Structure formats: structure tokens, C-alpha cells
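The values are calculated or read from the model by the stated rules, or taken from the named source; none is laboratory data. Quick caveat: nothing in here was measured; it's all calculated off a predicted structure. To get the accessible areas, we keep the full protein, side chains included, count just its heavy atoms, and leave off ligands, DNA and RNA. Shrake-Rupley method; radii C 1.70, N 1.55, O 1.52, S 1.80 Å.
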Amino acid sequence: MLEGLNHIGIAVESLEEAISALCKGLGMKHVATEDVPDQKVRVAALEGGGPVIELVEQTSSDSPISRFLEKRGPGIHHIAYQVADLEEALRSLKASGVRLIDEVPRPGAFGKRIAFIHPSATGGILIELCDEGEAH
Ligand code: ZN
């Protein structure tokens, strides 16, 4: 079902500061920034070889990232795997009894469709599944 690691999502207090630190410090390349109103976040994509790093900043204090930052501070928030067909993957997981946060795809950054698996089903890791977002 999984077609490889697509990106790693990092919760940050400030996109600007994190982009600057990673690009100036480590030579990563900032390729795009986009608002995701559905999740009340702004996402910046950075490339450094391998999976993209997506820095995630809240645009509202009631975003899903806000509670994470309050509880744990900045850091790795989720890892995202690419799947060929997100609806099919969610159906299959649900049929296997895997607890999902999102039972239907939602709009993510950069034209992707995303859905989260509940961390209680994955040993505490928040895993996002994503696909390219064409209408099926
Ligand atoms: Zn993500």
C-alpha cells in the first residue's frame, strides 16, 4: 500500500526562523510555501535530498499544530507516506480495524490530498497518508 516516504512534518513556532536556520545553516532549499486553510496552518517545503521537510506553522491558535506546540514544543510532528489511491488505502485500513483520524481525504498543501491515522494505531507515531489529489 505504501509507496515511500513523501515528507516529514515539523511543527515550528515561526516559519521564517526555521527556514532561515535550515537553509542558511544546513544549505537546504526552500521550494514553496502555502496556506492550508482546512488545517489552519501555513506549510513551507524544504529540500535537502530524500523526503521533503514540511515546516508547519499555525495561522490560528486553534489549529491542530497549536496544541502540539503547547504540549511538546517545536519538533517532528508527523511522517507522511505516499499512497496510489488515498480513498482505497483508507477503506482498506478501516476494514483492517486500524483507527483513523480522517476517514475521508482532506485537502493538504501543494495539491495533495491527506488523511491521518490515529497514533494509537501506530505505536504513538502520527502518520499521514497522501496522494496526488486527482479526482477519482
Ligand atoms: Zn504532512
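Using a 1.4 angstrom probe with every protein chain in place, what is the largest-first accessible-area order of Arg99, Arg106, Arg113?
Details: Arg99 135, Arg106 70, Arg113 40 Å².
Largest accessible area first, the list is Arg99, Arg106, Arg113.
So what does His78 come to for accessible area, using a 1.4 Å probe and Å² rounded to 10?
Accessible area, nearest 10 Å²: 10 Å².
At a probe size of 1.4 Å, how large is the accessible area of Thr33, to the nearest 10 Å²?
70 Å²
Mean separation of Cα pairs under 8 Å and 6+ residues apart, divided by the residue count of the range 2-131: what relative contact order is that in percent?
Working: 267 pairs, mean separation 34.3, N = 130.
Relative contact order, the range 2-131: 26 percent.
Taking only Cα atoms and a 10 Å spring cutoff, compute GNM fluctuations for the chain and point out the largest among Val41, Val104, Val31.
Result for the chain, Cα springs under 10 Å: Val31 fluctuates most.
Just the number, please: Stokes-Einstein D of the range 23-76 in µm²/s, Kirkwood Rh from C-alpha pairs, 37 °C, 0.692 mPa s. Can you show the working numbers first?
Working: Rh = 12.0 Å.
Diffusion coefficient, whole number: 273 µm²/s.
What is the ratio of the Cα radius of gyration of the chain to 2.2 N^0.38 Å, with N the residue count, to two decimals? Don't jump to the answer; show the numbers that get you there.
Values: Rg = 14.7 Å, N = 136, 2.2 N^0.38 = 14.2 Å.
Relative to the rule-of-thumb radius for its length, the chain sits at 1.03.
Under the Karplus relation 6.51 cos²θ - 1.76 cosθ + 1.60, θ = phi - 60°, what is the ordered set of whole-Hz ³J(HN,Hα) values for the range 30-46, x standing for Gly and Pro?
Listing the rounded values in order: 7, 9, 6, 9, 8, 7, 10, x, 4, 9, 6, 9, 10, 10, 10, 9, 10 Hz.
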